[in-house]
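Participant: Pasting a structure here, questions to come.
The values are calculated or read from the model by the stated rules, or taken from the named source; none is laboratory data. Keep in mind the model is a prediction, meaning the values are calculated, not measured. In this analysis, Cβ positions are derived from the backbone assuming ideal geometry, glycine residues included, and neighbour counts consider all displayed protein chains. In case anyone asks, the SASA skips ligands and DNA or RNA and just uses the protein heavy atoms, side chains included. Shrake-Rupley method; radii C 1.70, N 1.55, O 1.52, S 1.80 Å.
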Amino acid sequence: MIAEANEVDAFKAEVRKFLSENLTAELRKAGSRMTSVYADHTAQMEWQAILHHRGWAAPAWPTDYGGAGWSPMQRHIFESERVKAGAPPVSPMGIKMAGPAIIGFGTDDQKKHFLPRMLNGEHFWCQGYSEPQAGSDLAALQMKAERHGDELICSGSKIWTTHANVANWMFCLVRTSKAERRQQGITFLLIDMSTPGIVVQPIVMASGEWIQNQVFFENVRVPVSNVLGDLDDGWTVAKYLLEFERGGSAYAPALRAGLDTLRSNLDASGLKKTPELLDRLAVFAVQVEVLDALEMEILLAVSQGRPIGSDASMMKILGTELEQRFTELQLE
């Protein structure tokens, strides 16, 4: 145990030194101005390039594919230190979502082509899941992809597509056949966003930010070789990917850092700390600590190779609800 503790302390020191030496004032500013899980696109790509140079762009990927090959504990330590230092995150769509799916289901040619370009930032990804009539009910998607020889001809639309305005690749769920169960007949497809027939329309938020989009596809020709996994079996790939989306993030470190900042701002403002306000801050702090304990339980399960199943979904719900509660607390 002493050796393990020494290794943890040594890794923390290494991470802190790296962050101290590589985080510029501009990158910290980009991290501090985030309104979601995404930082300014230019800053985010600059930070990814720095991480890639060090070999840390993909902490969870095996070293065979250019990843850091870190243990779950190392990944948790890095994420916690990154948040404390104010560094922006890497966009999750590629390295944290599409990447693991390609590693798990891709052919050798797909891995050789996509993974290096994902790491170095040449390919920037967006997710084509939700449709105007199929959001949370993902299996209701209707975007068609009809096979003609070695191509799939895609028609339909996707909505709430984050960063489709700057992405040059999309991983997408399309309907390639109709079956008794809606989850059948869906295919997981990798689409080059420069393909003719794709139109991206912005959805500008109340804050004035252009992050979300609606994407239209009109007879877009995609090579069958861009199917990930088996034709008509994309639901299997999507479920695998969603486990990374739902269980691949720890919410507690960012919430704890945000709470510390809020307390500092309150001290600096001279605002009177009423008993009610102090109680609310204390209750929220306890909720964050409970979340952290639950996330550590999942971390232990992953470290031991045990499946986390629905726990990942529950953590996503709890984490995002606490994020919303914290935003409301800040506004009040």
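Participant: Helix 41-54 versus the longest principal axis of the chain: what is the Cα-based angle in degrees, 0 to 90, to the nearest 10?
Facilitator: Approximately 80 degrees, to the nearest 10.
Participant: Averaged per residue, what accessible surface does region 60-197 expose to a 1.4 Å probe, in Å²?
Facilitator: Heavy-atom accessible area per residue stands at 41 Å².
Participant: Let me ask something additional. Tell me the relative contact order for region 190-332 as a rounded percent, counting alpha carbon contacts under 8 Å between residues six or more apart.
Facilitator: Result for region 190-332 is 21 percent.
Participant: Leaving out ligands, DNA and RNA, and with a 1.4 Å probe, what % of the accessible surface on the chain is carbon or sulfur? Before the final figure, lay out the partial values.
Facilitator: Values: 9020 of 17260 Å².
After summing per-atom areas, the C and S share lands at 52 percent.
Participant: If I take the Cα coordinates of region 93-196 and project them onto the principal axes, what are the three extents in Å, biggest first?
Facilitator: 40, 29, 27
Participant: Give me the extension gain from Thr63 to Asp267: residue separation times 0.36 nm, minus the current Cα-Cα distance, reported in nm with one decimal.
Facilitator: Full extension from Thr63 to Asp267 adds 68.9 nm.
Participant: For region 171-260, which trypsin sites (Lys or Arg not before Pro) pass both filters: DSSP loop (anything but H, G, I, E, B) and at most 14 other C-beta atoms within 10 Å?
Facilitator: Qualifying residues, ordered by number: Lys178, Arg181.
Participant: Provide the FRET efficiency to the nearest 0.05 for the Thr327-Tyr240 pair, computing r from the beta carbons and using R0 = 35 Å.
Facilitator: Numbers: r = 31 Å, r/R0 = 0.89.
It comes to 0.65.
Participant: Applying 1/(1 + (r/R0)^6) with R0 = 45 Å to the Cβ-Cβ distance of Met205 and Leu277, what FRET efficiency is obtained, to the nearest 0.05?
Facilitator: 0.95
Participant: Give, as a single signed number, the net charge of other residues whose beta carbon lies under 12 Å from the beta carbon of Thr35, with Lys and Arg counted +1 and Asp and Glu -1. All intermediate terms of the calculation are to be shown ahead of the outcome.
Facilitator: Numbers: positive: Arg33; negative: Asp40, Glu209, Glu323.
Here the charged neighbours net out to -2.
Participant: Taking the Cα centre as origin and putting +1 on Lys and Arg beta-carbons and -1 on Asp and Glu beta-carbons, what dipole magnitude results for the chain, to the nearest 20 debye?
Facilitator: 280
Participant: With every protein chain present, what is the per residue accessible area of region 253-332 (1.4 Å probe, Å²)?
Facilitator: That works out to 63 Å² for each residue.
Participant: Once the piece of chain linking Lys12 and Arg28 is laid out straight, how much longer is it, given 0.36 nm per residue of separation minus the C-alpha distance between them?
Facilitator: Computed gain between Lys12 and Arg28 is 3.8 nm.
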